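Comments concern the structure below.
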Amino acid sequence: TPLSRIRNFAIIAHIDHGKSTLADRLIEACGALSDREMKDQVLDNMEIERERGITIKAQTVRLTYPARDGNTYVLNLMDTPGHVDFAYEVSRSLAACEGSLLVVDASQGVEAQTLANVYQAIEAGHEIVPVLNKIDLPAADPDRVKVQIEEVIGLPADDAVLISAKTGLGIGEVLEALVARLPPPKGDAEAPTKALLVDSWYDSYLGVVILVRVKDGRLRRGQRIRFMATGAVHTVEAVGVFTPKMVTVDDLGPGEMGYIIAGIKTVADCSVGDTITDDRSPAAEPLPGFKPSVPVVWCGLYPTDADDFEKLRESLAKLRLNDASFHYEPEISAALGFGFRCGFLGLLHLEIVQERLAREFGLDLIATAPSVVYRIHTTRGEVKELHNPADMPDPSTIDHIEEPWIKATIFVPDEYLGGVLTLCNERRGQQVDLTYVGNRAMAVYRLPLNEVVFDFYDRLKSISRGYASFDYAMDGYAESDLVKISILVNGDPVDALAFIAHRSQAEKRGRAICEKLKELIPRQLFKIAIQAAIGSRIIARETIGALAKDVTAKCYGGDITRKRKLLEKQKEGKKRMRQFGKVEIPQTAFLAALKMD
Ligand code: GTP
């Protein structure tokens, strides 16, 4: 395909504004799938996604569109995730395209992720076509939303395309706008091969599948390719595109997107953002690549059964291939034995990884209390990064500690603003800006990441009845009065529950965690003391009373099913418990303990 007939675009939107629905309509309109397949395919895909949890992320589809100018165009669509934790994946998708469709729900208007995504698209040098969706809804107010797009984002919205992805209204106009308003890709077919490694994942049948965007030259079957960052060399076994079915093609040329399979077994060979070139006539310089993703939340993952350690190691390696923003390294805990310290982009990311390890790999794991990355300045002038509160050095060796801050942007309807401001202030926030767009406020705050990472989003949603939207970006480090709080169970510190907090919050947090653990740890045959301490000073204490021996003792006589249920429930609990000295602590306690209400 000549470059002038190719358009590469991403769809960006706030969550639920209709990105996936629009993608479906575009696929349908270009007849990529028959009516029957449309259903089958979409369902199949979802099933595979659910089972293997893979292609969920950077979906690409090649569409063929006969435009009104009489020419047939190849449109490469990239879907992008919406959640704030996955901003990094969005930036990767954007680097592979020249333009974006900015989808805004015409009944809701601009939200926090609309803004965050559009700024990323602008930074990537994209041409942006605003699309106002859901105009079938009675509450849709496209004129008001156009004004918002111009005022808040600063993007001309006069020629925004009005659509209903649900009814199909305006889809033809979207396709025409793509062809007319987005620039074609640039590239040189005769130059040495340069292709961007956009994403890669492990498929149990095909091995490692690599998603590429070719910039110069070609990729074809049989070619010896070299990964410029790692230096690894492989032979291409298959080249293809997603229509969205996987279809093999002879080769991929400049401006094209597709996949290659090259018999790669080692996870480490495929680093996202790397440049793939020809081994015999390599490019002189790699493509700019991506800013490396920086994990902001760390926690320990340990197998409940120590025999599963090797299985955990293999599973993490596979996950990492599929999720470049996930990091891990081996770690040993006094309480939990051998495990891994794992880094995530946010708490949702952490929960998803944990869920996938449990579901796809059948691993029963314990996650320790999550922590952000602190910077310890020692009295000897060294700077150390602290990923695990348990590793906090002796206070006498610390000169000062810095913690990471973020800049948060919150959109919220007027009537909930008071509650949101209170929440930000409670979390040590500093107001940077407060402006109004119609009856909605846009509050910009600086907040310590530590105060946001665990439950801020949940709290924000409940305070605003779901109407607030939120986005954040890292905003440097600042010195802070931080202390390590240890949790003791019957006098023994449980390293996996230690956490770091601002001194002003230490007592409140310590007390809250002790109370929470009192609820979460089932009664046992003896009394259990739960204490929170800063150094040797106890700041909170709860006691769990001893249990009567037989859990079924209270169900006399008749009700056998109830008895059985109780016993089964107890057994179920056992599986997911961890022994600390004599005390068993349920797995859920480790994560739940840090979520405040
Ligand atoms: P995420 O994948 O969660 O980021 O959401 P999304 O942006 O992909 O939104 P999705 O396509 O899943 O649509 C969200 C909801 O809006 C769904 O319930 C859709 O059925 C609905 N929806 C999408 N487009 C329209 C539309 O044009 N009109 C109406 N009335 N509803 C729509």
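For the stretch 396-415, the residues whose amide N sits under 20 Å from a probe point set 7 Å from the Cα of S536 along the beta carbon direction are 396-398. Close amide-amide hydrogen proximity is noted between D105 and N133, each under 5 Å apart and 5 or more residues distant or on a separate chain (H modeled in the peptide plane; Pro and chain starts excluded). Centroid-to-centroid, using Cα positions, the stretch 270-289 and the stretch 362-418 are 36 Å apart. Modelled spin-label separation between Y477 and R465, with each label point placed 7 Å from Cα along the Cα-to-Cβ direction: 4.4 nm. Residues whose amide H comes within less than 5 Å of that of I585, counting only those at least five positions distant or on another chain, are R578, Q579, F580 (H built at 1.01 Å from N in the peptide plane). What the phi angles of the stretch 477-488 give under the Karplus curve with 6.51, -1.76 and 1.60, with θ = phi - 60°, is a coupling list of 10, 9, 5, 8, 8, 10, 10, 8, 10, 9, 10, 10 Hz, glycine and proline written as x.
Between D16 and T397, the FRET efficiency estimated from the beta carbon spacing at R0 = 35 angstrom works out to 0.10. Calculated on the Cα set of the stretch 194-337, radius of gyration then Dmax: 17.3, 55 Å. Size check on the stretch 307-365: the Cα extents along the three principal axes, sorted descending, read 27, 20, 17 Å.
Restricting the stretch 273-366 to trypsin sites (Lys or Arg not before Pro) that sit in a DSSP loop and have at most 13 other Cβ atoms within 10 Å of their own Cβ leaves R280.
Across the stretch 138-152, coupling constants 3J(HN,Hα) worked out from phi with the 6.51/-1.76/1.60 Karplus curve, θ = phi - 60°, read x, 7, 5, 9, x, 5, 5, 5, 4, 4, 4, 4, 6, 6, 7 Hz, and Gly and Pro carry x. On the basis of the beta-carbon distance and an R0 of 22 Å, T435 and D136 show a calculated FRET efficiency of 0.10. Hull volume per residue, based on the alpha-carbon atoms of the stretch 276-386 and their convex hull, is 166 Å³. Rounded, prolate or oblate, given the Cα gyration tensor of the stretch 385-534, with a/c below 1.5 counting as rounded? Here the stretch 385-534 falls in the oblate category.
The translational diffusion coefficient of the stretch 306-456, from Stokes-Einstein at 4 °C and 1.567 mPa s with a Kirkwood hydrodynamic radius over alpha carbon pairs, comes to 71 µm²/s. In this structure, the amide hydrogen of V437, modeled 1.01 Å from its nitrogen in the peptide plane, lies closer than 5 angstrom to those of M442, counting only residues at least 5 positions away or on a different chain. Normalising the Debye intensity of the stretch 497-551 to I(0), with uniform scatterers on Cα atoms only, and taking log10 at q = 0.19, 0.25 Å⁻¹ returns -0.66, -0.95. Extension gain for E351 to E507 (0.36 nm times residue separation, less C-alpha to C-alpha distance): 53.5 nm. Of the listed residues K166, K19, the order by accessible area with a 1.4 Å probe, largest first, is K166, K19.
Can you give the FRET efficiency for T64 and A229, using 1/(1 + (r/R0)^6), R0 = 25 Å, r = Cβ-Cβ distance, to the nearest 0.05? Computed FRET efficiency for T64 and A229: 0.15. What does the C-alpha gyration tensor say about the overall shape of the stretch 165-240? Classify as rounded when a/c is under 1.5, otherwise prolate if a/b is larger than b/c, or oblate. It comes out oblate by the Cα gyration axes.
The values are calculated or read from the model by the stated rules, or taken from the named source; none is laboratory data. Note that the structure is predicted; figures quoted are calculated from it, not measured. Don't worry about glycine lacking a Cβ; one is built from the backbone with ideal geometry, like all the others, and counts go over all protein chains shown. The accessibility values were calculated without ligands, DNA or RNA, using every heavy atom of the protein model including side chains. Shrake-Rupley method; radii C 1.70, N 1.55, O 1.52, S 1.80 Å.
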